[in-house]
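Every number in this text was worked out from the coordinates using simple rules, so none of it is lab data. No experiment lies behind these values; they were computed from the predicted model shown. Please note: Cβ atoms are built from the backbone with ideal geometry, for glycine as well, and neighbour counts cover all protein chains shown.
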Amino acid sequence: MTTTIQENGNQLIALFNGRLDTAAAIPTAEAVKPLLDAANCEIVLDCSQLEYISSSGLRIFLSIRKEAAAHGSKVIVRNINADIRQVFMMTGFISLFEIQ
Amino acid sequence: MDLHCEMIMDEYRESLPELERLKEQVLNTLREALDRYGLAVTTIEARVKTEQSLAGKLALKGAKYATLSDVTDLVGARIVTFYTDDVDRIAAMTEQLFEIDWTNSVDKRMLHQLDSFGYNSLHYICLVPGYKFRFELQLRTTLQHAWAAINHDTGYKSGIEIPRIYMRRMNRLAGLLELADDEFSRIRSEITDYRRKVHQLVQNGKLDDVLLDGDTFRSYLKAEPFERLNKRIAAINQAEIQEAPLIRYLRVLVALDCKTLGDVSRLIRKYEEDAYRLARYQLGNTDLDIISSAVGLQNICIVCILSTGGGKIGLERMFDAINGHNTQNTALAELTYEQASNLPFMQNNK
């Protein structure tokens, strides 16, 4: 599992690649730290290469959302596959995130 | 400029640091108090009178001032409010904060004759302990401010200078804005009464008497009508529940023909069990131990849509309503439909 953060103007894009399971949660939480302090910007969680997300992964997404709201930023979840879309629906997370 | 005025100007230059300190203190005191009283305003600002402006004033009426401290607007502050009754609230607040020089304060709103309209603003001259200079506080509404700013932009310093035809038109507008200010205040007051009444009806359980809208739905949500279902769903995997905004579902509920909170309450009772079964079917064979508080209402809506023949299109519209129109919602609707097809309520519908 790798996480890369790119800057594009007022956007911060996190590219997730692999399986975001319990084992990958700790390094991923560390990798997304720069997103937590970002103020007044758009944070894109690009999931086009993300194969799987566990509860630990959902918690990471949630912490990014909470910090973004506190810092006046907006979070968009982009390009989720069918399995992850199902997870978002079953857990009611589609009401928490803007999904594109 | 005569010698007397030159001396006042010298005193002004020497006093600039004190005037700046006074300005900052006034601004901080007002901001803190507005915050404490919970009063929202459009603008709060302050300035120290410029040298050029003071010189102009002295050139016009220098003999009126024995010393610099006789000039009451060396520091000027202004608060612009949304509503006309907030002007009076902030005036009362100001009286608590500062000593008011009543002799020089003026309520321009009261100066008009019964048949005249024009500049409306409340001017308080205030004293702050420890400072030898007074400051002027202007209080007005956004509409009064707009009128005053445009009136000032005409370039005429007083009502006497402006040609009568334009003065009449400006004053007609002042009357119109006064009417609008009163109407805005009345609307706010009525909305507050409406919310209070709705809250009372919800508390007394008279849900059929309450029409479904944004205010009433928010009030209803305070009673946590989906808490029991959410807790049952959370218990499937001993999941934690994260708070999620439910207001997005208002459009869905309206589309499901809910007209009153009573209709929403009946919808919950009717579909709660199948909504739980849907969640158990979806989550039961996963280890997902986190859910949002929207999941209960979401599943109730899904079950209702499918039970009433809304099909995949109905589900897609629901996902569009809560998450914005998106091509992915088609796939989400199909997936949800497939899962629900295995449940008894769908079997019964076939």
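Side notes on the structure shown:
- By average C-beta atoms within 10 angstrom, highest first, the peptides B:2-14, A:41-53, B:176-188: A:41-53, B:176-188, B:2-14
- Listed residue (B:Val198, B:Ala255, B:Ser265) projecting farthest to the positive dipole end of the range B:189-272, Cβ model: B:Ser265
- Between A:Arg59 and B:Arg218, the modelled labels are 3.3 nm apart [label points 7 Å from Cα along Cα→Cβ].
- With both residues required to sit in the protein assembly as shown, DSSP beta bridges show an antiparallel share near 50%.
- The range A:2-36 and the range B:61-77: distance between their alpha carbon centers, rounded to Å: 62 Å
- B:Gln203-B:Leu3 FRET efficiency (beta carbon distance; Förster radius 60 Å; 0.05 resolution): 0.20
- Counting, for every residue in B:230-239, the Cβ atoms of other protein chains within 10 Å of its Cβ and taking the mean gives 1.
- By the helix-only formula, in which each DSSP H run with n ≥ 4 contributes -39500 (n - 2.57) and the sum is divided by residues, the protein assembly as shown has a 222 nm mean residue ellipticity of -17500 deg cm²/dmol.
- Model label sites at A:Asn40 and B:Lys259, defined 7 Å from Cα along the beta-carbon direction, differ in position by 4.8 nm.
- Mean per-residue shielding of peptide B:318-328 is 3, counting Cβ atoms of other chains within 10 Å of each Cβ.
- Of all DSSP bridge pairs formed entirely within the range A:2-99, close to 30 percent run antiparallel.
- Average other protein chain Cβ within 10 Å of Cβ, residues A:82-90: 6
- Qualifying aspartates and glutamates (Cα of each under 14 Å from Cα of B:Lys206; at least 8 residues distant if same chain): B:Asp263
- With 32 Å as the limit on Cα-Cα distance, the pairs of A:Lys74/B:Lys23; B:Lys270/B:Lys312; B:Lys197/B:Lys312; B:Lys61/B:Lys108; A:Lys66/B:Lys259; A:Lys33/B:Lys222 that go past it are A:Lys74/B:Lys23; B:Lys197/B:Lys312; A:Lys66/B:Lys259; A:Lys33/B:Lys222.
- Cα shape, the range B:214-349, gyration tensor, a/c 1.5 rule: rounded
- Protection proxy ranking, peptides B:24-30, B:73-79, average beta carbon neighbours within 10 Å, highest first: B:73-79, B:24-30
- Three-way shape label, chain B, alpha-carbon gyration tensor, a/c 1.5: prolate
- Nearest 10 degrees, 0 to 90: helix B:295-307 Cα axis against chain B principal axis: 50 degrees
- Highest mean packing comes first when the peptides B:48-57, B:314-323, B:230-239, B:287-296 are listed by Cβ atoms within 10 Å, giving B:287-296, B:314-323, B:230-239, B:48-57.
- Part-to-part distance (alpha-carbon centres) for the range B:1-51 and the range B:169-193, which is given in Å: 31 Å
- Between helix B:3-37 and chain B: long-axis angle, C-alpha atoms, 0 to 90°, nearest 10: 20 degrees
- Förster radius 35 Å - calculated FRET efficiency between A:Asn10 and B:Glu334 (Cβ-Cβ, nearest 0.05): 0.50
- Nearest-20 debye value, chain B charge dipole, Cβ charges on Lys, Arg, Asp, Glu: 940 debye
- For the range B:230-249 versus the range A:44-100, the gap between their alpha-carbon centres in whole angstrom: 16 Å
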